[in-house]
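Q: Sending over a structure as structure tokens; questions will come in a sec.
Nothing in this text is a laboratory measurement; each read-out follows from the coordinates by a stated rule. Predicted model only: the values in this text are computed from it and were never measured. Counting neighbours? That spans all protein chains shown, and the Cβs are built from the backbone with ideal geometry, glycine included.
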């Protein structure tokens, strides 16, 4: 798994202001407080193979009243990261500045409610299976000062990050199918129910079979509700296959409960008429 230097990991956030990666701490640690950080409304982020997923982030920021954050020379945001701040495995940062609205002001502080959007883009920011994991949220503050003329250049950057503010699971999306045959079927005859369980492979850019996973076959008689029939295990290429006795007309479907790295999925039901 790749390891990112801190400056590289913050490149997305720094790009908000067109800044270079921080090389030194010059201005000292600002008195900022990030609280109430919520990522994706507290739900896992499920990502397929082609479409980028927008991840909403909300939080409360308390800052000194005299600290101006213009998102140009001074930038604040929340980012997501894998690993530790010292040694990141991957990061996701907002591509546009947060939107903040003041909710309280004292003689010395301003409290703001902030929202932002982070893109989880397969193939661009999610590269491999190890990216399907629990990510942490960090609040970041970056200050940049640059003086440039034809014969003089001075640039300094100051960066501070506060990690472990929240967590969110990033999961590989799942596909699941069900096909019952023959259709129609004579009452009492054997019905074969097949399906396929696949999941997003970010490295390959396609869905691949998920072998060795439990899937529950459910049946819903016409006018009724789904109930569990049996549990089977996916085979080569994620194949699912089992047999049942046809007793009455209704729909069959497979249900996959998900794993630590892969999202749960329920297939579309397949209706069979029993004569």
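Q: On each of the three principal axes of the Cα atoms of the stretch 190-275, give max minus min coordinate, whole Å, ordered largest first.
A: Principal axes ranked by extent give 47, 22, 19 Å for the Cα atoms.
Q: In addition: Do the sum for the chain: with -39,500 (n - 2.57) for every DSSP H run of n ≥ 4, divided by all residues, what is the mean residue ellipticity at 222 nm, to the nearest 500 deg cm²/dmol?
A: Mean residue ellipticity, 222 nm, calculated: -500 deg cm²/dmol.
Q: Going by average Cβ density within 10 Å per residue, which order do the peptides 151-157, 200-206, 62-68 take, highest to lowest?
A: Averaged packing, sorted descending, gives the order 200-206, 62-68, 151-157.
Q: Could I ask something else about it? How would you rank 146, 116, 101, going from fewest to most other Cβ atoms within 10 Å of each one's own Cβ?
A: Ascending Cβ contact count within 10 Å gives the list 101, 146, 116.
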